[in-house]
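Beneath this line is the structure, given in structure tokens, with notes to follow.
What follows draws every value from the coordinates through simple rules; no lab data is involved. Nothing here was measured: the structure is a model prediction, and the numbers come from that model. Using ideal geometry, Cβ is built from the backbone for each residue, glycine included, and neighbour counts are taken over all protein chains shown.
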Amino acid sequence: MADDAKVFLITGASTGIGAATARRAAEAGHRLVLAARTRDRLEQLAEDLGGASRALAVGCDVMDWGEQERLAAAALDAFGRIDVVFANAGFGARRGFLEETPEHWRDMVLTNVLGVAYTIRATLPAVEAARGHYLLTSSVAGRRALQGSLYSATKHAVTAMGEALRQDVNDTGVRVTLIEPGMVDTPFFDNPVQHALQAEDVARAVMFAVDQPPHVDVNEMLIRPTAQPT
């Protein structure tokens with residue numbers, strides 16, 4: 001593979017949609033920068049996808065601006081460019097405004113909203129230089145409010161952020177895509193989900209958007225299981 005292969009940075013890359021997308025991107029010839037808080041799975045995935053010359057594992061808590069800066073710097077030090085950024089890190093909470101702890105809520109809001117904004121801010125100069133592509137993981141829950149769901153509010157924020165970013169970079173050649181899955185059978189849920197999408201299904205959608213020609217910007221991809229009524 002050529003050394004000028006595009007560089008694909010993924011947060012929340014150690015499991016689920018992030019890991020499945022990393023595998024798809026590696027198959028397509030991208031070099032990878034894989035970020036997550038849990039280093040063991042992340043480092044094993046990077047090794048499986050080609051080791052240091054093809055896949056860099058970087059521990060990163062997306063709530064921490066300094067760690068996001070170091071993530072972007074590590075990508076540029078290793079590969080010299082950032083072409084695609086998939087801001088995918090996030091987690092949920094039980095519905096109900098008397099559920100979960102205030103601390104859980106705080107970390108979810110900071111991860112799902114501020115973490116995405118930090119990822120954009122840390123990588124934007126490099127992505128603009130590459131006339132690259134941002135993909136943000138929102139949700140069906142980012143299209144309609146769910147009863148008692150603060151998670152839904154965070155994903156509405158990501159949906160708004162994606163459109164705000166699209167307008168902000170509109171004349172730079174940078175593309176922006178919101179990925180909006182329905183129910184996905186990933187570690188996001190404590191128990192297996194019946195009739196759900198698989199992480200690989202969402203990864204294929206991500207790569208469809210990435211693989212479009214430069215003048216085509218797929219702005220939103222809403223992906224539900226066939227059996228999900230709402």
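Report, to the nearest 10°, how far helix 150-168 tilts away from the longest principal axis of the Cα atoms in the chain, using its own Cα long axis and a range of 0 to 90°.
So the helix axis and the longest Cα principal axis differ by about 40 degrees.
Which ordering of THR186, THR154 is given by a fewest-first count of other beta-carbon atoms within 10 Å?
So the residues, fewest neighbours to most, are THR186, THR154.
Hey, can you grab everything whose amide H is under 5 Å from the amide H of ALA57? Only 5+ residues off in sequence or another chain; H modelled, so Pro and N-termini drop out.
Distant-sequence amide H within range of ALA57: LEU34.
Looking only at ASP185, ASP40, ASP61, which one moves most when the chain is put into a Gaussian network model with springs between Cα atoms under 10 Å?
ASP40
On a full-extension model of 0.36 nm per residue, what is the gain between SER53 and ALA129, subtracting their alpha-carbon distance, rounded to one decimal in nm?
25.1 nm
For the chain, what does the relative contact order come out to in percent, with C-alpha contacts under 8 Å and a separation of six or more?
19
Residues in the stretch 155-188, backbone N under 20 Å from the label point at ASP4 (7 Å along the Cα-to-beta-carbon vector): list them, ranges by number please.
173-174
Using 0.36 nm per residue of separation minus the Cα-Cα distance, give me the extension gain between HIS104 and ARG121 in nm, one decimal.
Fully extending the segment from HIS104 to ARG121 adds 3.7 nm.
Binning at 10 angstrom from zero up to the longest distance, how are the C-alpha pair distances of the chain distributed in percent?
8, 35, 39, 15, 2, 0
Let me know the Rg and Dmax you get for the stretch 97-172 when you use only its Cα atoms, in Å.
14.2, 46
Mind telling me which of GLY16, GLY162, GLY51 comes out most flexible in a GNM of the chain, alpha-carbon contacts under 10 Å?
It is GLY51.
Using only the alpha-carbon atoms, how far is helix 199-210 inclined from the longest principal axis of the chain? Give it as 0 to 90 degrees, nearest 10.
Value to nearest ten degrees: 50.
Please label the shape of the stretch 12-52 as rounded, prolate or oblate, based on the square roots a ≥ b ≥ c of the eigenvalues of the alpha-carbon gyration tensor (a/c under 1.5 means rounded; beyond that, a/b larger than b/c means prolate, else oblate).
oblate
Stokes-Einstein at 37 °C, 0.692 mPa s, Kirkwood radius from Cα pairs: D for the stretch 72-138 in µm² s⁻¹?
Answer from the Stokes-Einstein relation: 245 µm²/s.
If contacts are Cα pairs under 8 angstrom and at least 6 residues apart, what is the relative contact order of the stretch 35-151 in percent?
Computed value for the stretch 35-151: 29 percent relative contact order.
Just order 212-221, 19-28, 88-97 by mean Cβ neighbour count inside 10 Å, highest at the front, would you?
19-28, 88-97, 212-221
So, by mean Cβ neighbours within 10 angstrom, what's the order for 115-123, 132-140 with the highest one leading?
Order by mean packing, descending: 132-140, 115-123.
Quick check: Cα centre of the stretch 151-230 to Cα centre of the stretch 23-39, how many Å?
Cα centroid to Cα centroid, the span is 18 Å.
Does the stretch 101-143 come out rounded, prolate or oblate, given a ≥ b ≥ c as the square roots of the eigenvalues of its C-alpha gyration tensor, rounded meaning a/c under 1.5 and, failing that, prolate meaning a/b above b/c?
Oblate, since a/c reaches 1.5 and b/c is not below a/b.
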